[in-house]
1. For the range 68-78, does any single residue satisfy the condition of being of a type in the set (Lys, Arg) and surrounded by fewer than 16 Cβ atoms within 10 Å (Cβ to Cβ)?
2. Name the single residue, out of those in the range 123-153 being out of contact with any helix residue (DSSP H, G or I) (no Cβ under 7 Å at 6 or more places or on another chain) and not hydrophobic (A, V, I, L, M, F, W, C), that is nearest to residue 86 (Cα to Cα).
3. Could you list, in sequence order, the residues of the range 92-142 that are assigned to a helix (DSSP H, G or I), aromatic (Phe, Trp, Tyr) and without any contact (Cβ under 8 Å) to a residue 40 or more places away in the chain?
4. Evaluate the range 60-67: report whether one residue or more is under 18 Å from residue 151 (Cα atoms) and either in contact with a Leu (Cβ under 8 Å, 6 or more places away or on another chain) or crowded, with 17+ Cβ neighbours inside 10 Å (or both).
5. Can you confirm whether the range 32-53 contains a residue that is among the basic types (Lys, Arg) and either in contact with a strand residue (DSSP E or B) (Cβ under 9 Å, 6 or more places away or on another chain) or free of Cβ contacts under 8 Å to residues at least 24 places away in the same chain (or both)?
6. Of everything in the range 1-31, what is small (Gly, Ala, Ser), touching a residue at least 60 places away in the same chain (Cβ under 8 Å) and over 22 Å from residue 117 (Cα atoms)? Give them in sequence order.
7. Of everything in the range 18-38, what is surrounded by 12 or more Cβ atoms within 10 Å (Cβ to Cβ) and small (Gly, Ala, Ser)? Give them in sequence order.
8. I'd like to know if the range 102-118 contains one or more residues that are polar (S, T, N, Q) and buried (at least 16 other Cβ atoms within 10 Å of the Cβ).
Amino acid sequence: MAQRLDYTTASPAAFKAMLQLEAQLHGCGLEESLLELVKSRASQINGCAWCLDMHSKDARARGETEQRLYLLPAWRDAPCYTPRERAALAWTEAVTQVSTQEVSDELYTLAREHFDEKGLVDLTLAVIAINGWNRMNVAFRTPVGNYVSPHGK
């Protein structure tokens, strides 16, 4: 599919706003490994190939294992995720799919067992941010495959 437009140059101010949101998230105190799992899972749900390419490369560069990346779509059945990661992934799925399912009281209670108030707000903002990036990249058909992680390995 051909790219429809390059949103980064079409509206530099909008792109800058998204980057500022990312900067906030990377300074909020949530683990980078958790943020990469959240971003990858939401991107899987939203079918965003560009973001999946980026976040799988970033996760691997930061030390994430192939097994955990491969098992992410089936995280509920995979024993390799911590209880905190499981709570974050469940929260990510619910917030990402809020138009078709409720964010239940049970899920909120589970999330609060692993995240304080600030942490849960920051986690929710991370889900909001990746959903925004997914929508920009899917809508404008950002070309996939050329991303190089700045995190090296």
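1. Within the range 68-78, one or more residues are of a type in the set (Lys, Arg) and surrounded by fewer than 16 Cβ atoms within 10 Å (Cβ to Cβ).
2. Only one residue fits best here, namely 135.
3. Of everything in the range 92-142, just one residue is assigned to a helix (DSSP H, G or I), aromatic (Phe, Trp, Tyr) and without any contact (Cβ under 8 Å) to a residue 40 or more places away in the chain, namely 108.
4. yes
5. Among the residues of the range 32-53, not one is among the basic types (Lys, Arg) and either in contact with a strand residue (DSSP E or B) (Cβ under 9 Å, 6 or more places away or on another chain) or free of Cβ contacts under 8 Å to residues at least 24 places away in the same chain (or both), which makes the answer no.
6. Passing the criteria: only 2.
7. 33
8. No, that holds for no residue.
Every read-out reported here was derived from the displayed coordinates using simple, explicitly stated rules and does not represent laboratory data. None of the values given here were measured: they were computed from a predicted structure. Don't worry about glycine lacking a Cβ; one is built from the backbone with ideal geometry, like all the others, and counts go over all protein chains shown.
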